[in-house]
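The values are calculated or read from the model by the stated rules, or taken from the named source; none is laboratory data. In this text the structure is predicted, and so the values were computed from the model without any measurement. Note that each Cβ is placed from the backbone with ideal geometry, even for glycine, and that neighbours are counted across all protein chains shown.
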Amino acid sequence: MNVETQGRPRAARESKMDSREIIMHCIEFTGPERIGYDFTFPHPSDMCSAGWGRGRTAVYEEEDPEIRRRVPDFVGQLYRDEYGNIWGRLTDRYDGEVVRGVLHDGWEGLDRYQMPVYGLPEEDREIQARFAAHAGQYRIGSLPGFPFAIMRYMRRMDYFLMDLVLHEKQVLRLNEMVVDMLLGLIERFGTIGADGIMFCEDWGTQDRLLVSPTAWRRIFKPSFQVLVGRAHALGMHVIMHSCGYILPIVEDLIGVGIDVLQLDQPALLGVERLANEFGGRIAFYCPVDIQTVMQTGDRRVIEAEARKLAGRLGGFNGGFIAKDYSQWEAIGIADEWAGWARDAFMGCSKPCGR
């Protein structure tokens, strides 16, 4: 297992496991009674999450006309997040994308920039209250991002990818500021009582990383080691979401101690390949593939894929947590189709195929 567990009670094998124990055993490959569940309400879930999400203090153009003056040509709605980035969106159903980063005008602005403050006392109390209300579940502390995810917004994605080549020194300076901020949040989650932390950082296109594996290892891997190491020292697992083709760095992610990969497109990487190359060394936390399999609307195909995920990825004395995608309707998936996947997962009282 990847995580340090000294001082934390082990899940009881001699009695029926509660939800928290099931997820602990899934992640640590120590014999859960079944696969883990994380389905949308009102369906079962073994997990609950709370944290400091990005955009929690968003300011809209109606409240501050300066936002529109900064981005006069965008046709949709504009808002500013806590970092100072201006986002544009065409519908209020989605976050949209950064159209002007807080450092858009150049790296000179970094000299006077201050990172936002998270973890105000009232926010900590809200998180503690939610965790207390879900004491029998596995409690996830949600971070507002990881270094790449945060920094790319601050410069805007297209600029930042060029910065990695042209301005690496400035990137590393900003990276240090972001890491310091995140270390503070990880410490707070350790104090509040999270079982694990989770972050979202998309690293892949359909067929490759956004940067070369060499650049990832040189610029970003050291930050992963520091942040994951701190979480483990505090007795917490680390769960990473990423979209896209990230096979070139999965071995690196295992090496730095990532405990769980949350993949919404497991078929893109290949379920058999994930099981054969990484099964039993890192846990997986997935819906049925949202890009190809769920889109078929074919009940037999969807159910078979759910059983395959549970059996292959969960067939290592643990290792698999099944989930719903958070916005089925946004990607055109009917409730009935999502129910087929969910029911097939729940039919695996033991990992299917064992």
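Can you name every one of the helices (runs of 4 or more DSSP H) wholly within segment 115-186 that holds 3 or more residues which are small (Gly, Ala, Ser) and under 24 Å from Ile23 (Cα atoms)?
Values: elements: 121-133, 147-155, 157-166.
Passing ranges, in order: 121-133.
Just to be sure I understand the filter: pairs with C-beta atoms under 6 Å, separated by 6 or more residues or on different chains, first member in segment 111-127 and over 23 Å from Gln170 (Cβ atoms), second member surrounded by 15 or more Cβ atoms within 10 Å (Cβ to Cβ). Which pairs pass?
Tyr118/Trp52; Tyr118/Leu185; Gly119/Arg188; Ile127/Ala50; Ile127/Ile192
Run Gly101 past the list (1) of a type outside the set (S, T, N, Q); (2) over 18 Å from Asp158 (Cβ atoms); (3) out of contact with any strand residue (DSSP E or B) (no Cβ under 6 Å at 6 or more places or on another chain); (4) modelled with pLDDT of 95 or more and report the number of the one that doesn't hold.
Among (1) of a type outside the set (S, T, N, Q); (2) over 18 Å from Asp158 (Cβ atoms); (3) out of contact with any strand residue (DSSP E or B) (no Cβ under 6 Å at 6 or more places or on another chain); (4) modelled with pLDDT of 95 or more, the lone unmet condition for Gly101 is (2).
Looking at Glu329, Glu303 in this structure, which one is over 23 Å from Val238 (Cβ atoms) and touching a Phe, Trp or Tyr at 6+ places or on another chain (Cβ under 8 Å)? Write out each step before concluding.
Working: Glu329 fails: touching a Phe, Trp or Tyr at 6+ places or on another chain (Cβ under 8 Å).
One residue alone meets the criteria, Glu303.
Of all residues in segment 31-48, count the ones that are surrounded by 14 or more Cβ atoms within 10 Å (Cβ to Cβ), assigned to a loop (DSSP other than H, G, I, E, B) and aromatic (Phe, Trp, Tyr).
1
Does segment 38-73 hold any residues that are under 16 Å from the mean Cα position of the chain (by Cα), under 16 Å from Asp195 (Cα atoms), at pLDDT 95 or above and not aliphatic (A, V, I, L, M), and which are they?
Those that are under 16 Å from the mean Cα position of the chain (by Cα), under 16 Å from Asp195 (Cα atoms), at pLDDT 95 or above and not aliphatic (A, V, I, L, M): Asp38, Cys48, Ser49.
For segment 300-318, state whether one or more residues are at pLDDT 95 or above, over 17 Å from the mean Cα position of the chain (by Cα), at positive phi and buried (at least 24 other Cβ atoms within 10 Å of the Cβ).
Keep residues of segment 300-318 that are at pLDDT 95 or above, which gives 300-318.
Subset that is over 17 Å from the mean Cα position of the chain (by Cα): 300-318.
Checking which are at positive phi leaves us with 317-318.
Imposing the further condition that a residue be buried (at least 24 other Cβ atoms within 10 Å of the Cβ) reduces the set to 318.
Among the residues of segment 300-318, at least one is at pLDDT 95 or above, over 17 Å from the mean Cα position of the chain (by Cα), at positive phi and buried (at least 24 other Cβ atoms within 10 Å of the Cβ), which makes the answer yes.
Quick one: Asp95 ticks every box in (1) crowded, with 16+ Cβ neighbours inside 10 Å; (2) touching a Gly at 6+ places or on another chain (Cβ under 9 Å); (3) acidic (Asp, Glu) bar one, so which box is it?
It fails just one condition, (1).
Tally time: how many residues in segment 143-195 are of a type in the set (D, E, K, R) and surrounded by fewer than 17 Cβ atoms within 10 Å (Cβ to Cβ)?
To start, the set of residues in segment 143-195 that are of a type in the set (D, E, K, R) comprises 152, 155-156, 158, 163, 168-169, 173, 176, 180, 187-188, 195.
If we keep only those that are surrounded by fewer than 17 Cβ atoms within 10 Å (Cβ to Cβ) as well, we get 158, 168-169, 173, 176, 180, 187.
Going through segment 143-195 one residue at a time, the tally reaches 7.
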